[in-house]
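S.K.: The following block contains the structure, expressed as structure tokens.
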């Protein structure tokens, strides 16, 4: 019930604040979000899921499209607007933060499922392979001494 009321109040506040923005700024924010998403996806693929580079890719993608759009506006209408550029970059930043939050939630859920699967409350770090070298390899596989003796 509390979440519903909080969500309703937040929706009303956002609706009121949206009326204060120019339509152009909202479109720049949306464009920055879309290109930030593309930049984040590309950076995540290149960096193999590194959180920092994913966020940088999100900001970079929105910054590149914002600079390109403002350069076109400067050429066509002789009007560079830093507020439009800021709205575009903020769109990319919001996507970067959202992706980071969702990835952390997914990681926590995966860790929780792993803990439940192994029946432990704390994660166990794997043994170092150097400690296992002292044992015979077939013992590590679970083969008994009697079976091992019959192997030629």
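S.K.: Taking residue 116 and the conditions (1) over 22 Å from residue 31 (Cα atoms); (2) in a helix (DSSP H, G or I); (3) within 11 Å of the chain's Cα centre (by Cα), which numbered condition does it fall short on, given that it satisfies the others?
M.R.: Of the numbered conditions (1) over 22 Å from residue 31 (Cα atoms); (2) in a helix (DSSP H, G or I); (3) within 11 Å of the chain's Cα centre (by Cα), the odd one out for residue 116 is (3).
S.K.: Confirm whether residue 17 is part of a helix (DSSP H, G or I) and modelled with pLDDT of 90 or more.
M.R.: Considered against the rule, which asks whether it is part of a helix (DSSP H, G or I) and modelled with pLDDT of 90 or more, residue 17 comes out as no.
S.K.: Before we move on, is residue 30 under 22 Å from the mean Cα position of the chain (by Cα), over 15 Å from residue 54 (Cα atoms), assigned to a helix (DSSP H, G or I) and modelled with pLDDT of 70 or more?
M.R.: Details: under 22 Å from the mean Cα position of the chain (by Cα): yes; over 15 Å from residue 54 (Cα atoms): yes; assigned to a helix (DSSP H, G or I): yes; modelled with pLDDT of 70 or more: yes.
Taking the combined requirement at face value, the residue satisfies it.
S.K.: For the subset of region 69-95 comprising residues that are closer than 11 Å to residue 30 by Cα and touching a residue at least 60 places away in the same chain (Cβ under 8 Å), which member is farthest from the chain's Cα centre (by Cα)? Let's see the steps before the verdict.
M.R.: Taking region 69-95 as the starting set, the residues that turn out to be closer than 11 Å to residue 30 by Cα are 87-92, 94-95.
Right, trim to touching a residue at least 60 places away in the same chain (Cβ under 8 Å) and you get 87-88, 90-92, 94-95.
On the way: 87: 21, 88: 19, 90: 16, 91: 15, 92: 12, 94: 11, 95: 9 Å.
My answer is 87.
S.K.: Which residue, of 116, 106, is at pLDDT 70 or above and over 30 Å from residue 42 (Cβ atoms)? Walk me through how you get there before you give the answer.
M.R.: Numbers: 106 fails: over 30 Å from residue 42 (Cβ atoms).
Exactly one residue qualifies, and that residue is 116.
The values are calculated or read from the model by the stated rules, or taken from the named source; none is laboratory data. Bear in mind the structure is a predicted one, so any value in this text is a computation, not a measurement. We place every Cβ from the backbone using ideal geometry, glycine too, and count neighbours over all the protein chains shown.
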